[in-house]
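Take a look at the structure set out below.
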Amino acid sequence: MWGDKAYVLQRVKEDYFWLDHAEPHLKADPEVVLAALAMDGRALRFADICLQANPEFVLQAVRHTGSALVYASPKLRATREIVLEAVRQCGRSLEVASEAMRADREVVLEAVQQDGFALEFASDLLRSDREVVLAAVRVCGCALEHADPVLKNDKEIVLEAVDQHGLALESAGPLPRADREIVLAAVSRHGGALRFAPSKMKKDREVVLEAVRRSSGSAWKHAEHRLKADPLLDPCSACLNPIATPGSAGAPVFTVLEVTVREVEALVEMLATSMTGMEVRVELPVEATVGDFGRRLVEPTRHRTVYMVLLGHSEPLSPFDVDRPFLDVAAHLRTSA
């Protein structure tokens, strides 16, 4: 049965794994092996050793499944055309490439652009190459772990890394981890990054607030002890706070243009516009807070927080203004109807 070519051809077209059961002469049969490779490049694992050393068959395999490079002969794992094709499909196949290929800049760049973690398998020289490391962390921030120590202190590289994944802060050097901009960017992406921040940052109200709300409250345990008594940093309050933290990424910006008080009805009408041209009118009781208006601005967006900038001011309102009466904060815009 497993020596019958027609039978084996039919089976490998259903599942490449059946090639493992074929008689040795069929594992060396080009037609049978190519049929299996068309299903999955990993069929190369079961092919005859002669075909594992055949460039045509190995190229077919890695074009379909880059990780099949592991089953190629050592000579072909040192062949540039084949390794390039493999890493374009699976960056981490760089691990089984020859030492020369792992030191080839073009090969490594292709690999890290497909999977940032392929940086782990690059030569020491290329792990200290700024362009290579930048390419890797833009794809996978946590690839920063495998960068040369000097580049772990490069602000631009670390910012790119934490912007892709906040937990990359763990691998940053001491200088970037003490940089407020970097820490805020990290916790904006993943609140749990707060645990890798220095103690000074764990005392920063804005950093802690951003971390708590970006972690559904779980980062609160990493805050400095005294901040845990702050009601605005309580996980429940922090997660419901609609006002964006200055310096955090992603929140839309609304400029408050008009604030009209309708005395008879005891209502406040606010007109705000976003940077994309969205116009929002909000009507709330006169005692409404900044947070009440912020929550109404969030509703038409896909975000959890917004920046609120009062006309005539250059800085947005602070998330710690959330419980202040809106009319007190926007008094200079107040008109009556």
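A few points about this structure:
- The strands (runs of 3 or more DSSP E) found entirely in the stretch 233-307 that carry 1 or more residues being open to solvent by less than 50 Å² (accessible area, probe 1.4 Å) and without any contact (Cβ under 8 Å) to a residue 40 or more places away in the chain are 267-274, 279-285.
- Taking the stretch 127-151 as the range and being free of Cβ contacts under 8 Å to residues at least 24 places away in the same chain and either among the aromatic types (Phe, Trp, Tyr) or over 16 Å from residue 172 (Cα atoms) (or both) as the test, only 131 passes.
- Restricting the stretch 215-227 to residues that are open to solvent by less than 70 Å² (accessible area, probe 1.4 Å) and not polar (S, T, N, Q), the residue that is farthest from the chain's Cα centre (by Cα) is 227.
- Subset of the stretch 1-42 (residues that are hydrophobic (A, V, I, L, M, F, W, C), buried (at least 19 other Cβ atoms within 10 Å of the Cβ) and under 20 Å from residue 75 (Cβ atoms)): 33, 37
- Matching residues, the stretch 280-310, being basic (Lys, Arg) and at pLDDT 95 or above: 281, 295, 296
- In the set (1) closer than 26 Å to residue 163 by Cα; (2) assigned to a loop (DSSP other than H, G, I, E, B), residue 212 fails one condition alone, (2).
- No other residue among 298, 256, 290, 306 is more than 25 Å from residue 208 (Cβ to Cβ) and among the aliphatic types (A, V, I, L, M) apart from 256.
- Of all residues making up the stretch 63-101, the number that are farther than 17 Å from residue 41 by Cα and either buried (at least 22 other Cβ atoms within 10 Å of the Cβ) or in contact with a Gly (Cβ under 8 Å, 6 or more places away or on another chain) (or both): 1
- A single entry from 181, 170 fulfils the requirement of being within 26 Å of residue 238 (Cα to Cα), assigned to a helix (DSSP H, G or I) and in contact (Cβ under 8 Å) with a residue 60 or more places away in the chain: 181.
- Residue 323, sole failed condition from (1) closer than 26 Å to residue 181 by Cβ; (2) modelled with pLDDT of 95 or more; (3) of a type in the set (D, E, K, R); (4) open to solvent by 50 Å² or more (accessible area, probe 1.4 Å): (1)
The values are calculated or read from the model by the stated rules, or taken from the named source; none is laboratory data. Everything quoted here is computed from the prediction, not taken from an experiment. Note that each Cβ is placed from the backbone with ideal geometry, even for glycine, and that neighbours are counted across all protein chains shown. Areas reflect the complete protein model, heavy atoms only, side chains present, ligands, DNA and RNA absent. Shrake-Rupley method; radii C 1.70, N 1.55, O 1.52, S 1.80 Å.
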